[in-house]
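The values are calculated or read from the model by the stated rules, or taken from the named source; none is laboratory data. Note that the structure is predicted; figures quoted are calculated from it, not measured. Cβ: placed from backbone, ideal geometry, glycine included. Neighbour counts: every protein chain shown. Accessible surface is based on the protein model in full, side chains and every heavy atom, while ligands, DNA and RNA are left aside. Shrake-Rupley method; radii C 1.70, N 1.55, O 1.52, S 1.80 Å.
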Amino acid sequence: MQPSARTMPDTVGHVTTQDNRPDLVVLESVSKRFGSTAALQDVSLRGCAGSIHAITGENGAGKSTLMKLLAGVHQPDAGQIRVAGQVLRLRSPAAARAAGISTVFQELTVLPNLTVAENLLLGREPSRAGLLDRAAMRAEAQAVLARIGIGLDPQRPGGSLTVGEQQLVEIAKGVSTDAQVFIFDEPTAPLNRAEVDKLEQLLHTLKAQGKLVFYISHRLDEIFRLCDTVTVLKDGRWVATEPIAALTHDRLIALMVGRPLQALFPPRAGTPPGAPALDVRNLTPLAGAASARLQLRRGEIVGMGGLEGQGQREIVRALAGALRPAACDIQRHGRDGQPQAYDPRLGVAQAVRQGIGLVPEDRKQEGLYLDLPIADNLWLGVLRGLGLVRQAPRQRAVVSGMAEQLQLRASSLAQEVGELSGGNQQKVMIGRWLAAGVDTLLVEQPTRGVDVGAKAEIYSLLRAFVAQGGAVLALSSDLPELIGLCDRILVVRGGRVVGDVPAASATEEGLLALALVDAPAAAAEVPGVMAEVAA
Amino acid sequence: MTALRSGVSRTTLALPLLLFGVLALAAPNFLAPQNLANVVGQITALLIVSLGQLLVALVAGIDLSVGSVMSLAGCLVATQPDPLWGMVLALLLGLAVGIANGLGVAVAGIHPLIMTLATATFLQGLAYLVLPIPGGEVAPALRSLADGSLWGVPQPLLWCALCAALVYGLLHRSRLGLHLFAVGAQARSAQLNGVRVVGVTVAAYVGCSLLAVVAGVYLAARVASGDPTMGASFGLESVTAVALGGVQLTGGVGSILGVLTGALSLGLITNGINLFGISPFLRGALTGALLLAAVCSQRRKVVGL
């Protein structure tokens, strides 16, 4: 596109910033379009060696796209990239790596059929005379894992790793690359607290070694704890680059959202909850597992949390009919107040017919039809309630009314759902069930992958839903979210509900204590399982 | 780990043993030296071409053109008076077909079924052009490589061992081998890790076509002449053998041992059909049914291939 860019002598590459450190990476007026959408417009960015530079902004702000230009995944339509004063054209991830740029992508790239060692060294395997040196590979992987302090067997297949372990492998892969520039794209999402601490140590080590770290995140506490400089993007444009010391939480949020944020969580209902929408006397998701008891009443949002893999996900899935429970005894009161039996073993279709909808954690795979328009995705909720050959009513009024209620931000209702931001996708997912007339929502990770602004809207949506007599069971691994959003919080351990805490008086420490096997002290003896408060 | 990546299970291992046992007991002539030599000769071509099919299956592809490549390679060596020149021509053919298939799939994004069906049809036409009716003569030097024995080992076994060793080295001792598994499991993830997906895919198709050439030359040398339809049945049979051997046609899982068991099973079934005097037309029907059964028995996420 710009033949001159390759050979152009560099005259401004080593401009110094105010603290007199040379810029290692300079992105100058880069732009990128995908089809008709401008993902990045005229964004410039400088990063200097020996610093951790946060890139933040709402989802869809262009953070990942910007970094993918530097990682060689995409090529800029305009503008140039300079690393250490050299103008580079990075045509592939391999080229970026060769230029000393190592990236931990947001999407997990661990391959299931390769071992941990093979995954770690993929693309840069040690070889001798053109042949793979397996012994060196094992030794190197072992050394990397040991240096970083990850207790993983390098011979384990990638397919047997949990999401958290896969992320650790990604981080180990990124950190062990001999590079000058490191990019981390939201690396902490699947990690527990101990692992996050470990990651932060690694980042500080890199900084001390004079490397440049770009850290994409929208977790404010992480940014304030870790980073030296923050660049904020919004809608594909540069908004601000500030030293962290010059910013407050509120100021940063205002920069990200572009407007002052109202209270994130809507006020709780003043009225006591009504009849139980789900009265679960016994639910055994898997044969031989513990059975859970819980009650979900109309007019309340009940949260559910606990350590990773304690069976809370199975409880929610079994309630929704998405997982056939081994045994269950569930009573339910319909909107009319009449008690009725509910048997999730009859499947999802029956659950929906009885007014129970599941908003799955992985909405892209399990919930939405990404290549269908918004209107069809919403409309599906209405269709679900009808017989196969019943004539469907006209959809436009229903769908546009729903879109208004959801405060969807889209170019039109004909836009494909796959093009929407995470927050708007989640709204469509919830809107589908609202259109279907369900009165009980089971929500897994209500705001995973949703930016700050849309979070507040989803919270009010759920609050409005229960205010009209609905009931919500929200499974979340985000403790502040559980405390802020819910009326009550159920803590699950070993497949049982071991705690039922009013959210108004709940604290993160208190929930953690309930979620851990005994007291936090006992869990600390088991390395790696500490404080895994995740669903 | 190995089970996860090789796809070999007890069933895949037991199937050829079971078939061997049944044939040994039920078919009187099965254990006759003449028949056994016959079986080995038949399985050799299938095994070699299936090893190629394995490479392509690992990157989630499929190569239906191997049959036509075999036919055309056989016709080339049968019509060229100089055996060396014939071999060179045939190998160049394999190289060209492999590159075309690989680029079509990896760069142009054509579905492998369509891409290789197109080249298969194209090459079949060329084969008829080179040798309209079965005939020609394979040079004695080449013939002597396919028959008889060397150091007391039947020559076909040497062809098998050589090809298997080559593919083993490629899959398990080279970086390319690891990249084949990586691309087959998730091409995008492999790409993000710096694997050159296009190059790896093309390499898989080239390897497959070259092995098909070897199988074609072997087959022509064995019968001493060329036949424009010689390889016709091998396209689907190699896919069936690979699937019987636990290789996942969705990519990333497969092994040489599996392909060996698959080719043995299919070869023994074919031999059984001959020995029991069952109509040879049933062979095609059986291959189709076996392919369906093998694919259905595979554990996989995506229903389809």
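I need to check one value: relative contact order of segment A:276-534, counting alpha carbon pairs closer than 8 Å and at least 6 residues apart, in percent.
On the way: 520 pairs, mean separation 70.7, N = 259.
It rounds to 27 percent for segment A:276-534.
Accessible area per residue, 1.4 Å probe, Å², for segment A:136-236: what's the number? Intermediate values should be presented prior to the final figure.
Numbers: 3660 Å² over 101 residues.
Ligands and nucleic acids excluded, the figure is 36 Å² per residue.
Find the Rg to Rh ratio for segment B:136-232, where Rh is the Kirkwood radius over alpha-carbon pairs and Rg uses the same atoms.
When Rh is taken as the Kirkwood radius, the ratio is 1.13.
Averaging sequence separations of C-alpha pairs under 8 Å and six or more residues apart, then dividing by the length of chain A, give the relative contact order as a whole percent.
Details: 1089 pairs, mean separation 78.8, N = 535.
Over chain A, the number comes to 15 percent.
Got a sec to turn the phi values of segment A:126-131 into Karplus ³J(HN,Hα) couplings, 6.51 cos²θ - 1.76 cosθ + 1.60 with θ = phi - 60°, whole Hz, x for Gly and Pro?
Here the 3J(HN,Hα) series is x, 9, 10, 6, x, 9 Hz.
What does the net charge come to around A:LEU420 if you take all other residues with beta carbon closer than 9 Å to its beta carbon, with K and R at +1 and D and E at -1?
Once positives and negatives cancel, what remains is 0.
How much of the DSSP beta bridge set in segment A:276-534 is antiparallel, as a percent to the nearest 5?
Beta bridges within segment A:276-534, antiparallel portion: roughly 55 percent.
Provide the per-residue ³J(HN,Hα) series for segment B:239-255, in order, calculated from phi with Karplus coefficients 6.51, -1.76, 1.60 and θ = phi - 60°, each as a whole number of Hz, with x at glycine and proline positions.
Running phi through 6.51 cos²θ - 1.76 cosθ + 1.60 with θ = phi - 60° gives 5, 5, 4, 5, 5, 4, x, x, 6, 7, 6, 8, x, x, 10, x, 8 Hz.
Would you work out if segment B:45-236 is rounded, prolate or oblate? Take a ≥ b ≥ c from the square roots of the eigenvalues of the alpha-carbon gyration tensor; rounded if a/c is under 1.5, else prolate when a/b is larger than b/c, oblate otherwise.
Here segment B:45-236 falls in the oblate category.
Using the heavy atoms of the protein chains alone and a 1.4 angstrom probe, what is the accessible area of segment B:57-215 per residue in square angstrom?
Per residue, segment B:57-215 has an accessible area of 42 Å².
Other chains near B:165-177: what is the mean number of their Cβ atoms within 10 Å of each residue's Cβ?
2
What lysines does A:LYS32 reach when the alpha-carbon gap must be under 19 Å and sequence neighbours fewer than 8 apart in one chain are set aside?
In chain and number order, the partners are A:LYS63, A:LYS68, A:LYS234.
Could you work out what % of the accessible surface of segment A:169-284 is carbon and sulfur, using a 1.4 angstrom probe and leaving DNA, RNA and ligands out of the count?
52 percent
Share of antiparallel DSSP beta bridges in chain A, in percent to the nearest 5?
Percent antiparallel among DSSP bridges in chain A is about 55.
Explain nothing, just the number: relative contact order of segment B:45-236, from Cα pairs under 8 Å at least 6 residues apart, as a whole percent.
Working: 344 pairs, mean separation 92.5, N = 192.
Computed over segment B:45-236, the figure is 48 percent.
For segment B:261-266, in order, what is each residue's ³J(HN,Hα) by Karplus, 6.51 cos²θ - 1.76 cosθ + 1.60 with θ = phi - 60°, in whole Hz (x at glycine and Pro)?
5, x, 5, 4, 4, 5
Please state, as a whole number in µm²/s, the translational diffusion coefficient that the Stokes-Einstein equation yields for segment B:196-290 at 20 °C and 1.002 mPa s, with Rh defined as the Kirkwood radius across alpha carbon pairs.
D = 143 µm²/s.
Using a basic spin-label model with each label point 7 Å from the Cα along Cα→Cβ, how many nm lie between A:ASP343 and A:GLN331?
For the pair A:ASP343/A:GLN331, the computed spacing is 1.8 nm.
Quick one: which of B:43-52, B:114-123, B:186-195 comes out on top by average Cβ neighbours within 10 Å, and what's the full order, highest first?
Peptide ranking by packing, descending: B:43-52, B:186-195, B:114-123.
Using a 1.4 angstrom probe on protein heavy atoms only, which residues from segment A:80-95 are buried by at least 20 Å² of accessible area when all chains are present rather than their own chain alone?
Relative to the lone chain, where solvent access is computed with a 1.4 Å probe, segment A:80-95 loses at least 20 Å² at A:PRO93, A:ALA94.
Between beta-carbons, use under 11 Å as the cut-off and find the net charge around A:GLY499, counting Lys and Arg +1, Asp and Glu -1.
Numbers: positive: A:ARG488, A:ARG493, A:ARG496; negative: A:ASP500.
Once all neighbours under 11 Å are counted, the net charge is +2.
Please compute the modelled spin-label separation between B:ASP147 and B:ALA14, points set 7 Å along Cα→Cβ, answer in nm with one decimal.
Taking the two extended label points, one gets 4.1 nm.
Nearest 100 Å² is fine: what is the total accessible surface buried where chains B and A meet, probe 1.4 Å?
The B and A chains share an interface burying roughly 2200 Å².
Return, ordered by residue number, the residues of segment B:64-102 whose backbone nitrogen is under 19 Å from a label point located 7 Å along Cα→Cβ of B:THR121.
So the set is B:64-72, B:97-98, B:100-102.
State the dimensionless ratio Rg/Rh of chain A (Rg: radius of gyration of Cα atoms; Rh: Kirkwood radius).
Result: Rg/Rh = 0.99.
Calculate how many DSSP beta bridges within segment A:180-291 are antiparallel, expressed in % of all such bridges and rounded to the nearest 5.
Looking only at bridges with both residues in segment A:180-291, the antiparallel portion is about 55 percent.
Mind checking the mean number of beta-carbon atoms from other chains within 10 Å of the Cβ atoms in A:155-162?
That average works out to 2.
Leaving out ligands, DNA and RNA, what percent of the accessible area of segment B:159-239 is carbon and sulfur, probe 1.4 Å?
Whole-percent figure for carbon plus sulfur exposure: 66.
Taking R0 as 35 Å, what's the FRET efficiency between B:ARG173 and A:ALA414 from their Cβ-Cβ distance, rounded to 0.05?
Calculated value: 0.05.
Go ahead and run the numbers for FRET between A:SER127 and B:ILE99, Cβ-Cβ distance against an R0 of 25 Å, rounding to 0.05.
With a Förster radius of 25 Å, E is 0.55.
Which FRET efficiency value, to the nearest 0.05, is calculated for B:ASN274 and B:LEU129 with the Förster distance at 41 angstrom and r the Cβ-Cβ distance? Please report the intermediate quantities before stating the final value.
Working: r = 32 Å, r/R0 = 0.78.
Here the calculated transfer efficiency is 0.80.
Express in whole angstrom the spacing between the alpha-carbon centres of segment A:395-474 and segment A:82-137.
40 Å
Net charge around A:VAL25, counting only other residues with Cβ within less than 10 Å of its Cβ (Lys, Arg = +1; Asp, Glu = -1)?
+1
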